[in-house]
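Q: Below: one structure in structure tokens.
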Amino acid sequence: GEGFETFRMDGPLKVDVDYLNEKLQECFLQRIRHAMKPDEACGLIFSWDNVIADTDSLKLDAWRQLALEEGKDIPNAGHVQKSILHGAADHVLRKVLYWAKDESQMERLKARLIELYYENLFKLDTPVNGLREWLDAVQTAGIPCAVASSLDRRCMIEALDRMELSKYFKAIVTDEDD
């Protein structure tokens, strides 16, 4: 057909076959690239926990240090370790390990556990094995990357800088971003 004409603030716009062919040609190669490699169309989002950094080890170490300081033992049962890694500290302290008898003791133990975790985090300078090679390949392919974490932005940036990974991430999503 003849197309159509519409009015815009910057003047009239005539949309017809020639106009569409010209506009679509500009991004034709980019569209074909994404059709062949769809993972390049949007980018990749990496989780901080156990993808960038071995946070399970950091958590376990913090719990072990807390147990040592408190003169307590952590049972080797699988459900206990699973709870420690994936459960809320309140639940683990009260219902799994039975270390917290009252609220003040609970708050003291949780605060110390967080301190120990962050002390371990601030020493961390090595990413998960093989990650740097993967990020190099992704960067060479021109795929933008982001990292998401429940850490605060300052800690996240400092950790990425220590690991020399900041250059790979175009976006950082942290606790402040909800």
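Q: Given that compact globular proteins tend to follow 2.2 N^0.38 Å, what is the ratio of the alpha-carbon Rg of segment 70-178 to that value?
A: Against the compact-globule rule of thumb, the ratio is 1.36.
Q: Continuing with this model, one more query. Using modelled amide H (1.01 Å from N, peptide plane; none on Pro or chain starts), what sits under 5 Å from the amide H of LEU44, excluding residues fewer than 5 places away?
A: Residues meeting the criterion, in which the H sits 1.01 Å from N, are CYS145, ALA146.
Q: I want to check the label-to-label distance for GLU70 and ALA146. Put each point 7 Å from Cα in the C-beta direction and report it in nm to one decimal.
A: The two pseudo-label positions are separated by 3.7 nm.
Q: Please compute the length gained on full extension between ARG108 and HIS86, using 0.36 nm multiplied by the number of residues separating them and subtracting their Cα-Cα distance.
A: Length gained between ARG108 and HIS86: 5.9 nm.
Q: For segment 42-103, what % of the accessible area comes from carbon and sulfur atoms, probe 1.4 Å?
A: 52
Q: Oh, and also: How much length, in nm to one decimal, is gained on full extension between ASP136 and ASP177, taken as 0.36 nm per residue of separation minus their Cα-Cα distance? Mind showing how you got there, number by number?
A: Details: separation 41, 0.36 × 41 = 14.76 nm, distance 2.68 nm.
Here the segment from ASP136 to ASP177 would lengthen by 12.1 nm.
Q: How much length is gained if the chain between ARG154 and HIS79 is pulled fully straight, taking 0.36 nm per residue apart and subtracting their Cα-Cα distance, in nm to one decimal?
A: Numbers: separation 75, 0.36 × 75 = 27.00 nm, distance 3.34 nm.
Between ARG154 and HIS79, full extension yields 23.7 nm more.
Q: Then there is this: I'd like to check one number: the per residue accessible area of segment 31-177, probe 1.4 Å, reported in Å² as a whole number. Each step should come with its number before you reach the end.
A: Values: 8630 Å² over 147 residues.
I get 59 Å² per residue for segment 31-177.
Q: Separate question: Please list, ordered by chain and number, the residues whose modelled amide H lies under 5 Å from the amide H of VAL128; skip anything fewer than 5 residues away on the same chain.
A: When sequence neighbours closer than 5 places are left aside, the close amide H contacts are ALA53, ASP54.
Q: Given R₀ = 22 Å, what would the calculated FRET efficiency be for ASN50 paired with TRP99, taking r from the Cβ atoms and rounding to 0.05?
A: 0.30
The values are calculated or read from the model by the stated rules, or taken from the named source; none is laboratory data. These numbers were taken from a predicted model, which means no experiment stands behind them. With ideal geometry, Cβ positions are generated from the backbone for all residues, glycine too; neighbour counts draw on all protein chains shown. All accessible areas refer to the heavy atoms of the entire protein, side chains included, with ligands and DNA or RNA removed. Shrake-Rupley method; radii C 1.70, N 1.55, O 1.52, S 1.80 Å.
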